[in-house]
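A short worksheet on the structure shown next.
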Amino acid sequence: MKIAMANDHAGTALKNQIKKYLEEQGHEVKDFGTYDEEGCDLSDFVYPAALAVAKGECERGIFVDGVGYGSALIANKIYGIYAAVCQDPFCAALSREHTDSNVLCIGGKIIGSAIAMEIVKTWMKTEPLTAEKYRRRVKKVADINDKHCVPVK
C-alpha cells in the first residue's frame, strides 16, 4: 500500500519511526516532510499529503504533529479525506471499522512511540465493518462530503 506521511517539527522523530516500520512491512511511503525539528507550519506539509490521498496517488495517510488535531483539522478540509485522531489502538480500530478513515493523525507530544506503533499497526490492519448499518452511516458522511466539499482535481 502507498502511504502519504506528513508532520511538523513536533512529529518528526515519531514519523520517522512509523515510516521505518511501514517500509519494513513492505509499504511504499511518500514523505511530504518536514524532515527536521525546526519550527514550521503544519499546513505546508499536511495539505499536499492530504491532496495525494484525495487524488488517489496514495491509498492512506498518516500525519504526526504535536497532538494530532491540527493535522486532522487541515486534512478534513479536503474532499474525500476522512481523518481521525487516535490516541490508543481501540480508537484506531473503531476509526477504521465504523468510519472507514483514510487518514490517521497522531500527537507526537502526547503519545509515546510504543503506543503510537500499536495504533499504526491496528489502524493499518483493520478493515471497515460491512454490516448494513455501518455502510449506511459511512455513506451518510460521504453524502455530506459530496454536498459541501469541492472535488480535488
Restricting to segment 37-61, and then to whatever is farther than 17 Å from L104 by Cα and touching a Ser or Thr at 6+ places or on another chain (Cβ under 6 Å), can you tell me which residue is modelled with the highest pLDDT?
C40
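Which of the residues that make up segment 77-114 are aliphatic (A, V, I, L, M) and either within 14 Å of G61 (Cα to Cα) or surrounded by 15 or more Cβ atoms within 10 Å (Cβ to Cβ) (or both)?
Correct list: I78, I81, A83, A84, V85, A92, A93, L94, V103, L104, I106, I111.
Assess whether K15 counts as being farther than 23 Å from V141 by Cβ, without any contact (Cβ under 8 Å) to a residue 60 or more places away in the chain and not aliphatic (A, V, I, L, M).
No; evaluated as a whole, the condition is false for this residue.
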When segment 15-28 is examined, which residues are found to be surrounded by fewer than 23 Cβ atoms within 10 Å (Cβ to Cβ) and not acidic (D, E)?
N16, Q17, K19, K20, Y21, L22, Q25, G26, H27
What is the number of the single condition among (1) out of contact with any helix residue (DSSP H, G or I) (no Cβ under 7 Å at 6 or more places or on another chain); (2) of a type in the set (A, V, I, L, M); (3) within 25 Å of T34 (Cβ to Cβ); (4) surrounded by fewer than 17 Cβ atoms within 10 Å (Cβ to Cβ) that V150 does not meet?
(3)
Can you run down the residue pairs with Cβ atoms below 6 Å, 6 or more apart or on separate chains, where the first is in segment 24-47 and over 18 Å from K2 (Cα atoms) and the partner is of a type in the set (G, A, S)?
L42/G70
So, in segment 115-124, exactly how many residues are crowded, with 21+ Cβ neighbours inside 10 Å and under 21 Å from V138 (Cα atoms)?
1
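The values are calculated or read from the model by the stated rules, or taken from the named source; none is laboratory data. Predicted, not measured: the structure shown is a model, and the values here were computed from it. As a convention, Cβ positions derive from the backbone with ideal geometry for all residues, glycine included, and neighbour counts pool all protein chains shown.
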